[in-house]
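Input: a single structure, listed below in structure tokens.
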């Protein structure tokens, strides 16, 4: 995958390099033959929601690879890193540190979320994906956000749930968190800009934040 922008690191298992799909392009037929229904872009955009409760079920490696490659195909203006956390123990470490930060946060909403019975910042998802960029890169936040959106839509299109997260960034950035960031495959000198989780959605979106709505004011200048 050297021809694609965005480096990928997989923490936990080396699964993605053995998938039969060697390129993101022209693999729809492969997934259709496996019975995986693929939405068009408009449908994926309209159906995507933030899923905050997941089944205890792994994502097949070929499907996960396709989601990750969608991030690599996003518009970009510089280097960024995609770290795919498959290791359950490492995900739990990140979850626990993020939870502790939320409990002691000055932000009232963060404290309220952490106080919910059974609340976990990574919501029990089987895959946590971290997106980082050089700390001094002016387009790092944009590069990683665009990659995250591509992956969220691809996951939706392949029938999976997903959620864009910020809380893991607080558990991985700063000198005091460098040990955990290093374990998670974040390169030296990089800042984790955002994260997302992916998995099969549980029947009940237990920690959902209500009905999805269109946001953002629009004006047309002629």
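Please treat every number below as a calculation from the coordinates, not as lab data. Here the structure is a predicted model, which means the values were calculated and not measured. So basically every Cβ, Gly included, is an ideal-geometry build from the backbone, and we count neighbours across all protein chains shown.
Run down 94, 82 and say which single residue is under 17 Å from residue 198 (Cβ atoms) and part of a strand (DSSP E or B).
On the way: 94 fails: part of a strand (DSSP E or B).
Of the residues listed, the single one that is under 17 Å from residue 198 (Cβ atoms) and part of a strand (DSSP E or B) is 82.
Give the residues of the stretch 168-199 that are within 28 Å of residue 39 (Cβ to Cβ) and surrounded by 22 or more Cβ atoms within 10 Å (Cβ to Cβ), sorted by residue number.
Here is the first cut: in the stretch 168-199, the residues within 28 Å of residue 39 (Cβ to Cβ) are 168, 193-199.
Scanning the stretch 168-199 gives 168, 193, 195, 196, 197, 198, 199.
Among the numbered conditions (1) over 19 Å from residue 59 (Cα atoms); (2) without any contact (Cβ under 8 Å) to a residue 24 or more places away in the chain, tell me where residue 168 comes up short.
Exception for residue 168: condition (2).
In contact (Cβ under 8 Å) with a residue 40 or more places away in the chain, out of contact with any strand residue (DSSP E or B) (no Cβ under 8 Å at 6 or more places or on another chain), assigned to a helix (DSSP H, G or I) and surrounded by 19 or more Cβ atoms within 10 Å (Cβ to Cβ): which single residue out of 63, 67 fits that description? Walk me through it before giving the result.
Details: 67 fails: out of contact with any strand residue (DSSP E or B) (no Cβ under 8 Å at 6 or more places or on another chain).
Checking each option against the conditions leaves just 63.
Hey, any hits in the stretch 133-147 for a residue that's under 20 Å from residue 199 (Cβ atoms), in contact with a helix residue (DSSP H, G or I) (Cβ under 9 Å, 6 or more places away or on another chain) and in contact (Cβ under 8 Å) with a residue 12 or more places away in the chain? Walk me through it before giving the result.
First pass over the stretch 133-147, keeping only residues under 20 Å from residue 199 (Cβ atoms): 147.
Next cut, in contact with a helix residue (DSSP H, G or I) (Cβ under 9 Å, 6 or more places away or on another chain) only: 147.
When the remaining residues are screened for being in contact (Cβ under 8 Å) with a residue 12 or more places away in the chain, the result is 147.
Taking every residue of the stretch 133-147 in turn, at least one turns out to be under 20 Å from residue 199 (Cβ atoms), in contact with a helix residue (DSSP H, G or I) (Cβ under 9 Å, 6 or more places away or on another chain) and in contact (Cβ under 8 Å) with a residue 12 or more places away in the chain.
So which of 98, 74, 114 ends up being surrounded by 17 or more Cβ atoms within 10 Å (Cβ to Cβ) and free of Cβ contacts under 8 Å to residues at least 24 places away in the same chain? Give the steps one after another, and end with the answer.
Details: 98 fails: free of Cβ contacts under 8 Å to residues at least 24 places away in the same chain; 74 fails: free of Cβ contacts under 8 Å to residues at least 24 places away in the same chain.
Criteria check complete, one pass: 114.
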